[in-house]
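One structure follows; several queries about it will come next.
The values are calculated or read from the model by the stated rules, or taken from the named source; none is laboratory data. Every value quoted in this text rests on a predicted model; they were computed, and no experiment measured them. Here the Cβ is made from the backbone with ideal geometry for all residues, glycine too, and neighbour counts use every protein chain on show.
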Amino acid sequence: MSNIHEALEQARREKSCSTVSSQIALEAQVVRGFSLADEMSKLHHQIGLILADGSYKVLQFVGCSHRAGVSTIVREFASAAVNHYGKSVLILDPSCQELERRINFNVTCEFGWFDTDKDELPDKAFFRFGDSNLYFAPISVHASLVAPSKNIDRNLDLWAKLRERFDLILIDSSSGPKRQEAVDSFHNVDGIILVLEAGKTRRESAEGVKKKIQAAGGVILGAVFNKRQYYIPDFIYKKL
């Protein structure tokens, strides 16, 4: 009996270990081959309640530790938005230059966002998955993957075009705030969701990421606790 009590106490401590935000606190256990559709529907619902006017267009998912599972959460969230909510979704990735990240999205875009002076964004700047409404693009203004333009007016115009073109834009910041491209986008998004690896992400790391985001003008909506491990049988946990 004492073992069960200790397990319950451990589970409660894990749930309350983060002081990042109280608005969103979603648990999502990533298991290869299993969908996170239910968890992502809950996340959609929670975000809708927080941003009640429904005007949000751009969300950024930021990892608080290495291999926190940000890309999996982003892909599942995008899939739910496309398949269940009928939205056109663009995934932006500021870390795609890294070799290990190309395993997740092994695609090459022929043009960067600023490779053309046309009024409309070039279709070739985005990679479309089949005939779906899901698109992907690196956060790069040129095909050579150079750093984003420092022209503030041009950047604002670009974000305005992206918001007009897509129903939802998701930024996959798996590397956290280490990349400048991720930091530069903090103030351009409607909300930021932190992704923590339950049981492994240290409180200090999460708080450090939180402070960097707030210093850059970002708005944190909450956190997703990924890869959570339960210390008691699932059928018992669900009855609590």
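Evaluate the following for Glu39: is it modelled with pLDDT under 85 and either closer than 19 Å to Lys210 by Cβ or acidic (Asp, Glu) (or both)?
Taking the combined requirement at face value, the residue satisfies it.
Same structure again: Could you please tell me which pairs satisfy a Cβ distance under 6 Å, a separation of 6+ or placement on different chains, a first residue in the stretch 194-209 that is of a type in the set (Ser, Thr, Tyr), and a second residue that is surrounded by 14 or more Cβ atoms within 10 Å (Cβ to Cβ)?
Thr201/Cys64; Thr201/Ser65; Ser205/Cys64; Ser205/Ser65
Among the listed residues Gly54, Gly86, Gly112, which satisfies the condition of being over 16 Å from the mean Cα position of the chain (by Cα), outside any strand (DSSP E or B), modelled with pLDDT of 90 or more and small (Gly, Ala, Ser)?
Gly86
May I pose another question? Looking only at residues in the stretch 136-170 that are touching a helix residue (DSSP H, G or I) at 6+ places or on another chain (Cβ under 9 Å) and modelled with pLDDT of 90 or more, which one is surrounded by the most Cβ atoms within 10 Å (Cβ to Cβ)?
Ile169
State the number of residues belonging to the stretch 58-81 that are crowded, with 24+ Cβ neighbours inside 10 Å, within 9 Å of the chain's Cα centre (by Cα) and within 16 Å of Phe129 (Cβ to Cβ).
Final tally of qualifying residues: 2.
What are the pairs, 6+ residues apart or on separate chains, where a residue within the stretch 156-168 that is in a strand (DSSP E or B) has its Cβ under 9 Å from a residue that is small (Gly, Ala, Ser)?
Leu168/Ala78; Leu168/Ala81; Leu168/Ser88
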